[in-house]
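Worksheet for the structure shown next.
No value in this document is a laboratory result; all are computed from the given coordinates. From a predicted model like this one, the values you see are computed outputs, not experimental measurements. For neighbour counting, all protein chains shown are included, and Cβ atoms are generated from backbone atoms with ideal geometry for every residue, glycine included.
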Amino acid sequence: MKKIGLVYSFNTQKTSKVAKRIAESFGDSVKVDMVNVEEVKAEQFLQYENLICGTATWFDGELPNHWDEFIPDIEDMDMKGRTVALFGLGDQKGYPENFLDGMGILAEIFEKQGASLIGFTSTEGYEYESSRAERGGQFCGLGIDYENQGSKNKERVNAWVEKLKLEFK
Ligand SMILES: Cc1cc2nc3c(=O)[nH]c(=O)nc-3n(C[C@H](O)[C@H](O)[C@H](O)COP(=O)(O)O)c2cc1C
């Protein structure tokens, strides 16, 4: 498997914890580079054919500001041939109408640039009203809810990473 760029904001609490857990879960099976979305340049980002990108949702259904500066760069990229797996953090009880929307917003941006998304997961076991990250009964990535289901994080991350090992080339 090709090396993976794991892109998220180093200036986060829970998103950073999940990112580190994902990298640990890959173990020595593949090289995973941790990349700070607040500092990355397009050239560095495009070194990776395999990417994992993570974000929380803030502001009732919006991306956190950490992504603001880099999104315009992504919107100028041709991402055909690149594979992206997404993870998202949200609070299904506090924000049931916008659960994990940030992950859904990233999915829309990457797909528009031609990237292939992998790592979809079942929505079973989550309770919410609507989510921009949902596509026909699946989330477009891994959903993590620290506030309400923190005890499931470890098993959810490990199962997802096993799936990614099969889906990444
Ligand atoms: C002001 C605020 C707004 C939020 N809005 C949403 C939301 O719209 N949808 C959602 O699923 N979670 C929402 N959340 C929950 C966060 O996404 C969740 O707490 C996440 O774990 C934070 O991760 P971080 O520590 O990496 O920022 C919100 C949290 C706060 C504090």
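Odds and ends about this structure:
- Taking label points 7 Å from Cα along the Cα-to-Cβ direction, Glu111 and Asp28 give a separation of 3.9 nm.
- Charge dipole (debye, nearest 20) of the chain; +1 at Cβ of Lys and Arg, -1 at Cβ of Asp and Glu: 840 debye
- Computed over neighbours whose Cβ is under 15 Å from that of Gln113, the net charge equals -4, Lys and Arg +1, Asp and Glu -1.
- Across the chain, the relative contact order, built from alpha-carbon pairs under 8 Å that are at least six residues apart, equals 23 percent.
- Spin-label pair Asp68/Gln44, simplified geometry with 7 Å Cα→Cβ offset, distance in nm: 2.0 nm
- Given +1 at the Cβ of Lys and Arg, -1 at the Cβ of Asp and Glu and no other charges, the dipole of region 1-100 around its Cα centre is 620 debye to the nearest 20.
- For region 28-169, share of DSSP beta bridges that run antiparallel, in % to the nearest 5: 30 percent
- The packing ranking, built from the mean of other Cβ atoms within 10 Å per residue, places the peptides 125-133, 60-68, 23-31 in the order 125-133, 60-68, 23-31, highest first.
- Cross-link check: pairs Lys3/Lys163; Lys31/Lys165; Lys41/Lys165; Lys93/Lys152; Lys3/Lys112 evaluated at a Cα-Cα cut-off of 22 Å; pairs beyond the cut-off: Lys41/Lys165; Lys3/Lys112.
- Tail weight of P(r) past 23 Å, computed on alpha-carbon pairs of region 45-169, percent: 27 percent
- Furthest towards positive pole of dipole, Gly102, Gly88, Ala115, structure part region 88-130, Cβ charges: Ala115
- Its Cα centre serving as origin, region 60-140 has a Cβ charge dipole (Lys and Arg +1, Asp and Glu -1) of approximately 400 debye.
- In loop segments of region 69-109 as defined by DSSP, the GluC sites (Glu not before Pro) with at most 11 further C-beta atoms inside 10 Å of their C-beta are Glu75, Glu97.
- The phi-based Karplus calculation (6.51 cos²θ - 1.76 cosθ + 1.60; θ = phi - 60°) puts the 3J(HN,Hα) values of region 17-27 at 4, 5, 4, 5, 5, 4, 4, 4, 5, 6, x Hz, whole numbers, x for Gly and Pro.
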